[in-house]
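Right, one structure below, let's go through it.
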Amino acid sequence: MNECQPSPDQPLLPGLYIVATPIGNLGDITLRAVETLRRCDGVACEDTRVTGKLMRHLGLSKPLWRYDDHTEDRDRARLVASMQDRAVALVSDAGTPLVSDPGYRLINACLEAGVMVTTLPGPCAAIAALTLAGLPSDRFLFAGFLPAKDKARRDLLDELAASRSTIILYDTAPRLVRSLAAIAEAMPGREVAVARELTKLHEECRRGSPEALIAHYEARPPKGEIVLLIGPGGADVGAAQDVDALLDEAMLEMKPSQAAAAVARATGQDRKLLYARALARKP
Ligand code: SAM
């Protein structure tokens with residue numbers, strides 16, 4: 001056992017304990033998480049009301065300190081300095097800290113100050129969704145929240161279209177239909193999954209084309225928390241002959257750069273490589 005992990009008869013060593021908490025079902029908290037929250041000197045959290053509720057559910061009472069990565073440097077430095085002789089747990093409202101949640105700056109400040117940092121893994125919506133979606137799980141790319149603004153969303157999807165991994169994104173219920181429409185446009189022909197309300201009463205995971213999912217969610221507007229997953233481009237789109245044929249056809253009407261961008265969107269292949277190929281094939 002790592003010496004910074006709690007054992008029942010020893011106090012926790014000073015330092016930072018990154019603690020994952022449930023994403024819905026409170027039964028998902030780990031034994032080590034409960035033990036660490038019980039024995040730490042205090043908890044740094046995003047929202048003291050949310051964490052206070054979890055602590056009450058666990059029958060625990062500890063000092064709660066509000067922390068996010070926008071916390072003033074001076075306050076972060078004070079928190080880090082306190083870890084020279086205090087065991088501090090870092091939690092977010094739900095799931096794994098640092099995954100689209102605060103913590104990155106705090107961990108770096110601890111590492112720079114030579115403070116012990118350890119992690120207690122547990123629930124994470126992105127990973128829970130990946131396990132449920134039935135999309136290839138051997139390679140995946142987590143890209144955080146899909147931006148709300150049209151241009152930023154399109155730019156991100158265009159960038160991701162070249163990836164050959166399953167793409168995982170966080171999204172919100174009110175934006176879901178618009179997000180699916182943007183995916184249909186930027187990555188035609190991909191299989192998509194919507195994982196909603198994971199570990200909660202109304203958990204669902206629905207898979208299909210973006211068009212079919214748009215029809216479903218337009219008829220039944222979704223509620224709750226959502227993870228969106230996009231399957232990788234089809235296996236046979238990598239065939240060089242197919243790509244060349246697509247480039248040749250696109251270049252009948254477009255400049256090589258535009259043809260490369262269009263074929264990249266359609267196939268999920270790397271736009272720069274396609275551009276080089278397009279230039280080589282240009283009559
Ligand atoms: N750090 C968290 C984690 O490990 O999953 C994620 C925090 S991020 C601020 C919150 C987003 O995660 C939500 O908007 C939603 O996209 C996703 N999420 C969290 N809980 C979820 C759940 N139970 N079902 C589906 N998505 C969830």
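The values are calculated or read from the model by the stated rules, or taken from the named source; none is laboratory data. Because the structure is predicted, anything quoted here is derived from the model rather than measured. Here Cβ is always computed from backbone atoms with ideal geometry, including for glycine, and neighbour counts include all displayed protein chains.
Against the test of being more than 11 Å from the ligand (Cβ to nearest atom) and touching a residue at least 12 places away in the same chain (Cβ under 8 Å), the options Arg190, Arg196 yield a single qualifying residue, Arg190.
Count of the stretch 199-211 residues, restricted to those that are within 16 Å of the ligand (Cβ to nearest atom) and of a type in the set (Ser, Thr, Tyr), is 1. Could you tell me whether Ala162 is in a helix (DSSP H, G or I) and either outside the structural domain of Asp85 (by TED's automatic domain parsing) or within 12 Å of the ligand (Cβ to nearest atom) (or both)? Criteria not met by Ala162. Determine whether the stretch 212-233 contains at least one residue that is of a type outside the set (A, V, I, L, M, F, W, C), within 16 Å of the ligand (Cβ to nearest atom), touching a Lys or Arg at 6+ places or on another chain (Cβ under 9 Å) and not in a loop (DSSP other than H, G, I, E, B). Yes: the stretch 212-233 contains one or more residues that are of a type outside the set (A, V, I, L, M, F, W, C), within 16 Å of the ligand (Cβ to nearest atom), touching a Lys or Arg at 6+ places or on another chain (Cβ under 9 Å) and not in a loop (DSSP other than H, G, I, E, B). For the stretch 84-130, filtering for residues that are touching a Gly at 6+ places or on another chain (Cβ under 7 Å) and at positive phi leaves 1. Are any of the residues in the stretch 60-79 of a type in the set (A, V, I, L, M), surrounded by fewer than 16 Cβ atoms within 10 Å (Cβ to Cβ), within 22 Å of Glu35 (Cβ to Cβ) and more than 25 Å from the chain's Cα centre (by Cα)? Checked the stretch 60-79: at least one residue is of a type in the set (A, V, I, L, M), surrounded by fewer than 16 Cβ atoms within 10 Å (Cβ to Cβ), within 22 Å of Glu35 (Cβ to Cβ) and more than 25 Å from the chain's Cα centre (by Cα). Only one entry of Asp150, Asp138, Asp101 meets the criterion of being within 12 Å of the ligand (Cβ to nearest atom) and either among the acidic types (Asp, Glu) or in contact with a helix residue (DSSP H, G or I) (Cβ under 6 Å, 6 or more places away or on another chain) (or both), and that entry is Asp101.
No other residue among Leu156, Leu198, Leu213 is more than 17 Å from the chain's Cα centre (by Cα), modelled with pLDDT of 95 or more and surrounded by 19 or more Cβ atoms within 10 Å (Cβ to Cβ) apart from Leu213. Check the stretch 87-102 and report whether any residue there is loosely packed, with under 13 Cβ neighbours inside 10 Å and of a type outside the set (A, V, I, L, M). Checked the stretch 87-102: no residue is loosely packed, with under 13 Cβ neighbours inside 10 Å and of a type outside the set (A, V, I, L, M). Candidates Ala245, Ala262: the one that is away from the ligand (no atom under 16 Å from the Cβ), more than 24 Å from Leu156 (Cα to Cα) and of a type outside the set (D, E, K, R) is Ala245.
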